[in-house]
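Remarks on the structure that follows.
The values are calculated or read from the model by the stated rules, or taken from the named source; none is laboratory data. These figures come from a predicted structure and were not determined experimentally. Reconstructed Cβ throughout: ideal geometry from the backbone, glycine too, with neighbour counts over all protein chains shown.
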Amino acid sequence: MAETVASIAALTRAAATTATAYRGRLLAGLLTTFFPLLLMAVWLTVVATSGPPRGWTAPDFISYYAAASLLWHLSGQNVIWQWDEDIRGGDFSIRLLRPVHPFWQYAANDLGQRLVMLGLAAPVFVAATLVLPQLGYHLTAVRLLATVVAVLLAYAVSITMASLVALLGFWSTQTTNLWMLWWGLGSFASGWIAPLEVMPGWLRSTAEWLPFRTTMGFPVELMTGRLSAAETAFGFAVGLGWLALFTVLYLVVWKPGVRRHQAVGG
Amino acid sequence: MNGTRRWADHVRIILICWRATVAAEFQYQANFLAGLTLSIFWMVWAAAGLAVYFQFTGDLLGWTYPELLVVTGLFFTVNGIRQAVLQPNLQQITEYVRLGTLDFLLTKPADTQLLVTLRRLNVGNLLDPGLGLIFIVVGFVLSDAPVGWNLLTFLLLFATSLLALYALMVLLMAMAVHLIGGTELQQIAYGAVELARFPVQLYRDPFQAVLTVVPVVLLTTLPAEALLGRLSPYWLVAGPAITAVSLVVSRLAWLRVLRAYSGASA
Amino acid sequence: MAIDVDALVKRFFVNRRSPGLRSSIRHVLRPERHEVTALSGVSFRMTQGEIVGFLGPNGAGKTSLLKCLSGLLHPTEGSARVLGHVPHRREPAFLRQISLVMGQRNSLFWDLPALDAYEVNRTIYQIPRREYTESLDELVELLRLQSLLRKPVRVLSLGERMRCELAGALLHRPRVLFLDEPTLGLDVTAQSAVRSFLADYNRRYGATILLTSHYMADVTALASRVIVIDHGTLRFDGDLTTLTRRYADHRVVKVRLTERAPLGALDVDTVTDDGLTVSLRVSTDDVPAVAARVLAVLPVEDLSIEEPPIDEVVRAVFADG
């Protein structure tokens with residue numbers, strides 16, 4: 001157990017070092033932070049022309065999407081691309097030869113990159129909260145702690161979900177397309193297209209039970225102080241449930257998957 | 001006991017292989033079908049995403065839902081061409097520089113700019129412009145826009161849009177030769193086109209002003225306005241003029257970079 | 001027994017499809033499966049510390065064999081045991097005792113110096129600090145890596161990269177080392193550096209080495225025992241001298257002339273004729289007679305009698321089929 005943790009730490013460090021080796025790429029990645037802000041801009045137009053939808057004012061939207069921009073960098077989806085590339089290129093064999101489960105190898109690789117991105121984006125975010133009056137998070141110590149845990153849970157769910165879809169790469173060449181479909185559908189339920197409160201009621205109710213909200217909407221809603229204690233507890237329960245489910249599914253699908261890879265060859 | 005176990009393994013493995021074969025059969029078809037499905041999906045996704053805003057309002061700063069569909073259709077067209085033409089060739093040019101193929105191309109009697117920008121084509125991505133056209137037509141029909149000169153001005157501004165994209169491409173190519181950094185430049189192209197998902201008015205000032213100067217407005221907003229019969233005379237002239245200037249500027253940049261390149265390798 | 005392979009069979013099912021839409025549709029309804037047998041009943045054993053060279057043309061099954069033994073492939077039939085483990089179960093205890101190096105495939109981090117990858121390996125393979133430092137120092141010395149370790153792997157030449165790869169693969173002192181075409185694409189100096197290193201390493205640590213190659217020189221330099229595989233079957237298992245003696249029925253007489261001269265009078269097969277350097281293919285029994293005739297008739301500067309290139313010998317093994 002301790003050795004696995006040490007291995008993950010070592011791999012993460014290497015991934016982080018690699019990420020910092022290419023400043024241009026980092027910058028480009030950081031620039032993509034503006035995508036959520038595009039959606040926000042249109043919402044601000046809605047507020048300006050027909051009043052706050054469901055009571056969401058301009059500062060509400062700004063706080064929401066600023067936090068969402070940060071969480072945008074915490075997606076585990078690189079796992080899909082890396083896995084797909086490795087299997088196609090034959091480099092997957094190298095992963096199999098190491099005495100560390102490939103799940104951890106890919107997760108560590110992603111985590112390394114994420115940490116570097118967050119290292120750059122988070123200070124900008126914090127500075128923005130201090131400078132811009134619209135970004136009011138009013139965090140109490142308890143809420144801050146809950147937010148941090150929610151963010152960790154968001155990443156964990158995102159990574160396990162992505163890894164599970166990546167496993168399909170043992171059978172299909174279309175995992176990247178599958179993932180985009182999954183993500184696209186999920187974007188309505190995660191709070192990405194719009195804050196869930198602003199979505200039609202049926203969508204909001206359904207989304208509360210889905211894993212997508214755990215990866216983005218839940219931590220952001222928590223951070224902007226929109227959830228009661230009961231709702232927070234519920235959100236955590238749903239998130240942990242999905243984490244458990246994805247983990248179990250991964251373990252179940254892994255064995256036949258790797259067997260298939262060994263039968264058919266890299 | 002051992003014998004039966006081996007036999008069962010044997011059977012299982014053969015079944016896996018047979019299933020693998022059948023699946024592999026579909027590979028090429030799978031890629032095509034997956035691409036088509038995903039393209040259709042993203043269009044539906046965009047249409048649904050737009051609809052969310054329209055829960056609260058009948059129009060966004062004068063843009064009704066069908067009119068925004070026209071913009072979305074244009075976005076898909078431009079994006080599709082970006083993926084079919086800009087992306088593969090931009091990717092190639094860094095290879096050309098690294099492998100010295102650019103030298104080889106420079107000796108050919110054809111214009112290097114044309115050779116380098118249009119050599120490769122990702123045919124699969126040409127689905128998107130086709131599908132985009134559907135949205136443009138549907139949006140146009142539903143929007144009660146008149147049929148008359150606006151069709152001609154639309155064609156003019158549509159051509160302008162594509163040429164503006166081409167000018168951007170040439171500029172990025174020149175930067176690629178000069179800087180040899182492919183991925184970041186792809187992100188610039190991607191980001192620029194993403195900004196054109198909505199008409200610039202929706203971003204409101206100050207962003208609207210910025211995007212009018214940096215000619216994102218050319219890509220989708222102007223052709224849409226032209227089709228809907230509300231293009232101002234100013235933009236009818238300014239649009240094509242800006243594009244013409246961009247083409248000249250980007251060509252000059254390209255020639256300059258080539259001269260420096262040849263000088264450098266001499 | 002470090003390695004015990006018994007009647008190993010590996011079959012793949014591959015599509016065979018003609019181009020065109022109609023045949024694609026036909027294939028959806030009635031897929032034409034084509035069975036490829038990579039290995040058909042290969043058996044052999046190796047003791048700890050042996051070096052065996054696996055020879056064979058491309059597609060012979062050598063790589064499949066190595067992949068079966070390192071756990072990457074699951075055998076269709078038969079069994080393989082490496083260090084007492086069943087490879088395809090991929091137990092961590094097993095993986096920590098082996099190493100697979102594939103020529104032209106990179107296990108180091110592309111953008112980082114090799115040293116960073118070594119550090120990661122140290123943790124993954126649970127190498128104690130002291131042992132790691134000792135191994136590293138030794139490998140750096142043997143492979144002359146001092147100036148290479150801190151450069152990003154991507155700026156190294158193919159030969160330098162291979163040497164770094166090898167070091168990385170040996171840090172944990174594996175008991176079994178699988179090498180798949182390790183000198184592929186390397187220049188002559190790098191090739192000989194890799195070969196002498198491997199021979200030295202085997203002497204010091206008694207590692208069992210399985211080496212596939214289609215460069216004869218790899219095998220002659222390193223392995224006393226040779227296994228020839230062709231079309232998935234084991235054609236020959238023994239030492240090189242036996243191989244040569246059994247299958248080489250001729251010699252190559254190399255002559256360097258002082259000036260050009262007609263060769264017709266010799267009445268032998270000329271293999272190459274560069275004007276001044278001539279190689280003659282002479283059946284073993286005729287060698288003394290031909291050599292005498294050459295010296296008498298031609299303006300000879302130098303003459304040597306060589307074994308046939310082993311490629312030819314190996315080809316003869318295949319032809320014997």
_Output for segment A:33-68, where each listed residue is hydroxyl-bearing (Ser, Thr, Tyr), surrounded by 15 or more Cβ atoms within 10 Å (Cβ to Cβ) and more than 7 Å from chain B (Cβ to nearest Cβ)_ = A:33, A:63, A:64, A:65
*Number of positions in segment A:56-99 that are within 30 Å of residue A:43 (Cα to Cα), assigned to a loop (DSSP other than H, G, I, E, B), touching a residue at least 24 places away in the same chain (Cβ under 8 Å) and more than 16 Å from the chain's Cα centre (by Cα)*: 1
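Residue-by-condition table, conditions (1) without any contact (Cβ under 8 Å) to a residue 24 or more places away in the chain; (2) part of a helix (DSSP H, G or I):
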position: A:148; (1), (2): yes, yes
position: A:153; (1), (2): no, yes
position: A:160; (1), (2): no, yes
position: A:167; (1), (2): no, yes
position: A:178; (1), (2): yes, yes
position: A:184; (1), (2): yes, yes
position: A:209; (1), (2): no, no
position: A:214; (1), (2): no, yes
position: A:220; (1), (2): no, yes
*asked:* Take the residues in segment B:59-88 that are at pLDDT 90 or above and among the charged types (D, E, K, R); name whichever of them is nearest to residue B:35 (Cα to Cα).
replied: B:82
*Give the residue, chosen from B:183, B:221, B:153, B:212, that is within 13 Å of chain A (Cβ to nearest Cβ), over 15 Å from residue B:247 (Cα atoms) and not hydrophobic (A, V, I, L, M, F, W, C).*
B:183
*asked:* For segment B:217-242, which positions are buried (at least 24 other Cβ atoms within 10 Å of the Cβ) and closer than 20 Å to residue B:53 by Cβ?
replied: B:220, B:221, B:224, B:225
*Quick one: which helices (runs of 4 or more DSSP H) sit completely within segment B:51-108 and have at least 3 residues that are touching a Leu at 6+ places or on another chain (Cβ under 9 Å) and aliphatic (A, V, I, L, M)?*
B:65-81, B:101-106
*Hey, can you tell me all the residues within segment C:113-162 that are surrounded by fewer than 20 Cβ atoms within 10 Å (Cβ to Cβ), charged (D, E, K, R) and more than 11 Å from chain A (Cβ to nearest Cβ)?*
C:129, C:130, C:131, C:134, C:137, C:138, C:141, C:144, C:150, C:151
*Just give me the residues in segment A:87-127 being surrounded by fewer than 21 Cβ atoms within 10 Å (Cβ to Cβ) and acidic (Asp, Glu), in sequence order.*
A:91
_Condition first: within 14 Å of another protein chain (Cβ to nearest Cβ) and of a type outside the set (Lys, Arg). Can you find one or more residues in segment B:104-112 that meet it?_
no
*Only residues that are closer than 19 Å to residue C:2 by Cβ, within 8 Å of chain A (Cβ to nearest Cβ) and part of a loop (DSSP other than H, G, I, E, B): list them for segment C:87-112, please.*
C:90, C:96
*Check segment C:30-38 and report whether any residue there is buried (at least 21 other Cβ atoms within 10 Å of the Cβ) and at pLDDT 90 or above.*
no
*Please find, among A:181, A:145, the residue that is within 25 Å of residue B:44 (Cα to Cα) and among the aliphatic types (A, V, I, L, M).*
A:181
*Tally, over segment C:69-86, of residues that are under 19 Å from residue C:96 (Cβ atoms) and either within 9 Å of chain A (Cβ to nearest Cβ) or modelled with pLDDT under 90 (or both)*: 3
*If you scan segment A:10-50, which residues turn out to be in a helix (DSSP H, G or I) and β-branched (Val, Ile, Thr)?*
A:12, A:17, A:18, A:20, A:42, A:45, A:46, A:47, A:49
*Do we find that residue B:230 is of a type in the set (D, E, K, R), away from chain A (no Cβ under 14 Å) and over 21 Å from the mean Cα position of the chain (by Cα) in this structure?*
yes
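Here's the yes/no breakdown for (1) in contact (Cβ under 8 Å) with a residue 60 or more places away in the chain; (2) charged (D, E, K, R):
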position	(1), (2)
C:147	no, no
C:153	no, no
C:165	yes, yes
C:171	no, no
C:226	yes, no
C:229	yes, no
C:255	no, no
*Failed item, numbered, when residue B:121 is tested on (1) within 19 Å of the chain's Cα centre (by Cα); (2) in contact (Cβ under 8 Å) with a residue 12 or more places away in the chain; (3) part of a helix (DSSP H, G or I)*: (3)
*asked:* If I filter segment C:239-251 for residues that are farther than 29 Å from residue C:191 by Cα, in contact (Cβ under 8 Å) with a residue 24 or more places away in the chain and assigned to a loop (DSSP other than H, G, I, E, B), do I get at least one hit?
replied: yes
_Selected residue (only one of A:96, A:111, A:118 is within 13 Å of chain C (Cβ to nearest Cβ) and either at pLDDT 90 or above or within 30 Å of residue A:169 (Cα to Cα) (or both))_ = A:96
*What are the residues in segment C:96-113 that are in contact with a strand residue (DSSP E or B) (Cβ under 9 Å, 6 or more places away or on another chain) and among the hydrophobic types (A, V, I, L, M, F, W, C), if any?*
C:98, C:100, C:101, C:102, C:109, C:110, C:112
_Subset tally (residues that are at the interface with chain B (Cβ under 8 Å from one of its Cβ atoms), among the β-branched types (Val, Ile, Thr) and closer than 20 Å to residue A:68 by Cβ) for segment A:158-203_ = 2
*asked:* Quick check on my filter: what residues within segment C:262-306 are among the acidic types (Asp, Glu) and either surrounded by 12 or more Cβ atoms within 10 Å (Cβ to Cβ) or touching a residue at least 40 places away in the same chain (Cβ under 8 Å) (or both)?
replied: C:273, C:286, C:301, C:302, C:306
*Within segment B:211-266, can you find the residues that are out of contact with any Phe, Trp or Tyr (no Cβ under 6 Å at 6 or more places or on another chain) and not in a helix (DSSP H, G or I)?*
B:214, B:219, B:228, B:229, B:230, B:231, B:232, B:266
*Qualifying residues in segment B:183-216 (those that are polar (S, T, N, Q) and free of Cβ contacts under 8 Å to residues at least 24 places away in the same chain) - the one surrounded by the fewest Cβ atoms within 10 Å (Cβ to Cβ)*: B:183
*Could you tell me which numbered condition residue A:11 fails, if it satisfies all but one of (1) over 17 Å from the mean Cα position of the chain (by Cα); (2) buried (at least 21 other Cβ atoms within 10 Å of the Cβ); (3) away from chain C (no Cβ under 13 Å)?*
(3)
*Would segment B:84-92 turn up any residue that is free of Cβ contacts under 8 Å to residues at least 40 places away in the same chain and either touching a Phe, Trp or Tyr at 6+ places or on another chain (Cβ under 9 Å) or over 30 Å from residue B:226 (Cβ atoms) (or both)?*
yes
*In segment C:252-291, what residues are in a helix (DSSP H, G or I) and closer than 25 Å to residue C:312 by Cα?*
C:264, C:266, C:284, C:285, C:286, C:287, C:288, C:289, C:290, C:291
